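Q: Before I ask anything, let me first share the structure, which is written out below as structure tokens.
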Amino acid sequence: MAPNACNASPTLGPMSVISPAELKQAPATTLPTVPEPADAPAAPQSAPLPAPPAAPPAAEAAAAPEPAAAPAEPAQHPSAEEMAQGPVMETDGMFLGMPLQQIKMIYHHAVTQSTRLVLPLLAAIAVQLTRNVDFNALWEQLLTLDTSYLVAAFSAALFAVTVYVLTRPRRVFLVDFACYRPPDHLVITKDVAVDRVKKLGYFDEKSVDFQTKVFARSGLGDRTYIPPSMHTWPPSPSIANARLEAEMVMFGALDELFAKTGVKPQDISILIVNCTVFCPTPSLSAMVVNHYKMRQDIQSYNLGGMGCSASIIATKMAQDLLQGQPNKLAVIVSTENITLNAYLGNRRSMQVTNVLFRMGGAAALISNKPRDAWRAKYELKNVVRTHMGADDKCYKCIHQQEDEKKIVGVMLSRELMGTAAKALKANVTALGPLVLPLSEKLLFAAAFIARRVFKMDIKEYLPDFKLAFEHFCIHPGGRALLDEVQKGLRLTPNHMEPNRMTLYRFGNLSSASIWYELSYVEAQDRVKRGDRVWQLAFGSGFKCQSAVWKALRTIPGAKNPGPWAEADGYVPPPPVEALEMDPEPHH
């Protein structure tokens with residue numbers, strides 16, 4: 001989403017990240033379920049999160065003597081493990097006392113295994129039905145048919161096969177990708193950033209306090225990166241320095257990508273570059289073509305103003321272009337540029353981006369060549385795009401404009417939280433039928449029928465997307481956004497670790513963030529053959545995008561550290577403070 005929009009949560013307004021007083025005035029919303037059709041981390045084995053103390057065994061509790069008249073004890077709150085398991089069913093029989101989550105898992109496995117038993121059963125029925133068929137008589141009757149009928153039947157079958165082969169969707173592979181890691185001399189700590197905000201002289205006292213609070217609760221760590229022009233004093237924003245930042249990021253990511261894949265720049269047929277707020281002339285895509293001396297017939301595209309979801313848009317665009325062009329290679333480059341886009345005014349709704357956004361970018365090699373299937377990391381299975389721009393409030397909730405003093409920035413309206421919730425709800429509604437297992441579809445259908453047909457007073461059923469995906473790459477627009485998505489989708493801390501670590505280590509990198517998250521999953525040696533990855537991002541306009549990838553092979557973390565390895569190649573374990581939820585949750 002646009003740099004300033006990325007802190008928006010589907011359930012929280014833009015200011016809720018740091019201003020609880022303002023948040024109380026905003027209407028409460030909930031993260032989307034998959035509704036009736038209508039209308040944005042595995043902790044390493046070496047450093048697991050501390051588990052809450054275990055409850056005493058039931059046998060010991062039963063054996064303890066009961067006092068005759070014990071005073072009333074305060075209510076016992078469930079542990080984190082008990083809350084994760086869900087409520088206990090108050091039923092008799094074999095499920096007595098069994099957590100609802102365990103019952104649901106038994107149901108899921110039962111449905112999964114039953115579908116696998118259908119094919120052998122159908123095969124047995126077919127064998128039984130064909131026992132009384134006289135195949136010799138059938139063959140003799142076939143020989144008596146007119147030859148023209150046989151030729152016509154064979155021709156029709158051949159034509160059908162040909163049409164299928166020519167019109168079936170081509171498989172699209174992610175051969176590899178690279179994430180740019182700036183040099184260490186561009187690191188900035190939170191304390192230094194706060195000090196620079198105070199010394200700039202553009203902000204009044206309230207604005208300084210506001211941005212200081214954002215820094216404190218943003219989820220960013222002390223080793224994020226800003227471009228060279230922002231390290232000078234005073235900062236030197238200019239077109240030339242903005243181009244320098246773009247060159248450092250794009251060429252750094254592309255150099256690594258070409259080195260990893262062995263592909264030459266002249267082999268690329270399609271180039272798509274996306275950057276939201278820096279759109280120079282010539283374009284960034286032209287800058288890449290010029291630097292690498294690419295071929296004259298290359299199809300180059302430059303996407304601007306599309307926000308933090310633009311990388312998934314570029315992925316879908318590459319997929320569509322590759323469908324009509326066999327044996328082609330496409331490269332997508334996702335970056336953001338902050339040199340010229342600091343807001344130096346005192347309107348709070350335009351200040352959040354000063355804190356969250358940092359320097360970074362990624363490049364990915366996409367192919368539809370069948371021979372690339374053996375070396376590709378992932379295959380693209382689904383892309384679901386949701387655009388809420390037809391609604392005026394949705395369209396204007398992230399808006400680049402001037403404040404009352406004619407200072408340019410991007411305004412985040414109070415409608416942003418509701419807009420994001422609606423967009424995510426619509427996106428998940430469309431995605432669910434494509435990825436959820438049969439067991440979840442049946443439960444959703446049952447809840448839908450109970451509500452609509454039998455008018456039962458029950459809640460909408462929220463499918464368990466943990467049964468559809470092993471890895472979740474959710475745009476890290478801010479700690480509050482990640483908190484609410486985690487609660488809304490009922491994800492575990494392990495699922496959220498890549499997202500929180502990306503925000504902590506690199507900050508909000510706009511559309512490139514989802515690639516840093518995927519790189520983290522690889523670096524931690526978690527991607528196994530057959531794993532499914534969900535990339536989810538939000539963007540101005542207002543948009544919500546989902547991309548689903550399937551791992552084609554197990555990816556060794558030692559060979560794929562990406563930007564996460566230190567100088568000695570060691571990938572450090574995540575610090576505890578990076579994985580914690582906001583201690584002051586917003587409502």
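Q: Mind checking whether some residue in segment 299-319 is at pLDDT 95 or above, surrounded by fewer than 17 Cβ atoms within 10 Å (Cβ to Cβ), touching a helix residue (DSSP H, G or I) at 6+ places or on another chain (Cβ under 7 Å) and closer than 13 Å to MET250 by Cβ?
A: No; the residues of segment 299-319 include none that is at pLDDT 95 or above, surrounded by fewer than 17 Cβ atoms within 10 Å (Cβ to Cβ), touching a helix residue (DSSP H, G or I) at 6+ places or on another chain (Cβ under 7 Å) and closer than 13 Å to MET250 by Cβ.
Q: While we're looking at this one, here's another question. Can you tell me which of (1) in contact with a helix residue (DSSP H, G or I) (Cβ under 8 Å, 6 or more places away or on another chain); (2) assigned to a helix (DSSP H, G or I); (3) surrounded by 19 or more Cβ atoms within 10 Å (Cβ to Cβ) is the one GLU256 doesn't meet?
A: It is condition (1) that GLU256 fails.
Q: On the given criteria, is GLY488 in a helix (DSSP H, G or I) and more than 27 Å from ARG529 (Cβ to Cβ)?
A: Here the answer is yes, as GLY488 does meet what is asked.
Q: Can we say ARG532 is among the basic types (Lys, Arg) and touching a His at 6+ places or on another chain (Cβ under 8 Å)?
A: In short, yes.
Q: Let me ask you something else. What's the total number of residues in segment 356-395 that are among the hydrophobic types (A, V, I, L, M, F, W, C), buried (at least 16 other Cβ atoms within 10 Å of the Cβ), in contact with a strand residue (DSSP E or B) (Cβ under 8 Å, 6 or more places away or on another chain) and outside any loop (DSSP other than H, G, I, E, B)?
A: Here the count works out to 10.
Q: How many of the residues in segment 267-293 are under 20 Å from ALA376 (Cα atoms) and polar (S, T, N, Q)?
A: Summing the residues that are under 20 Å from ALA376 (Cα atoms) and polar (S, T, N, Q) in segment 267-293 gives 1.
Q: Would you call VAL197 surrounded by 15 or more Cβ atoms within 10 Å (Cβ to Cβ), of a type in the set (Val, Ile, Thr) and at pLDDT below 95?
A: So VAL197 fits the description; yes.
Q: Something else: As an exercise: evaluate VAL263 against (1) closer than 23 Å to ASP372 by Cα; (2) among the aliphatic types (A, V, I, L, M); (3) crowded, with 19+ Cβ neighbours inside 10 Å and give the number of the one condition it does not meet.
A: (3)
Q: Moving on. Within segment 202-250, track down each residue that is buried (at least 20 other Cβ atoms within 10 Å of the Cβ), among the small types (Gly, Ala, Ser) and assigned to a helix (DSSP H, G or I).
A: ALA242, ALA246
Q: Also: Does at least one position in segment 502-519 carry a residue that is part of a helix (DSSP H, G or I), crowded, with 23+ Cβ neighbours inside 10 Å, of a type outside the set (Ser, Thr, Tyr) and touching an Asp or Glu at 6+ places or on another chain (Cβ under 8 Å)?
A: Yes, some residue in segment 502-519 is part of a helix (DSSP H, G or I), crowded, with 23+ Cβ neighbours inside 10 Å, of a type outside the set (Ser, Thr, Tyr) and touching an Asp or Glu at 6+ places or on another chain (Cβ under 8 Å).
Q: Follow-up. So which residues in segment 484-528 are under 26 Å from VAL355 (Cα atoms), of a type in the set (D, E, K, R) and touching a strand residue (DSSP E or B) at 6+ places or on another chain (Cβ under 7 Å), if there are any at all?
A: Correct list: GLU517 only.
Q: If LEU380 satisfies every condition in (1) over 21 Å from MET306 (Cα atoms); (2) at pLDDT below 90; (3) not aromatic (Phe, Trp, Tyr) but one, which is the exception?
A: The failed condition is (2).
Q: Hey, another quick one. Within the bounds of segment 443-460, is there any residue that is buried (at least 20 other Cβ atoms within 10 Å of the Cβ), of a type in the set (A, V, I, L, M) and touching a Leu at 6+ places or on another chain (Cβ under 7 Å)?
A: The answer is no; no qualifying residue exists.
Q: Go through the residues of segment 321-335 one by one and say whether even a single one is under 30 Å from LEU436 (Cβ atoms), at pLDDT 95 or above and in a helix (DSSP H, G or I).
A: yes
The values are calculated or read from the model by the stated rules, or taken from the named source; none is laboratory data. Treat the numbers as computed from the prediction; the structure is a model and nothing was measured. Cβ coordinates were reconstructed from backbone atoms using ideal geometry, including for glycine residues, and neighbour counts include every protein chain displayed.
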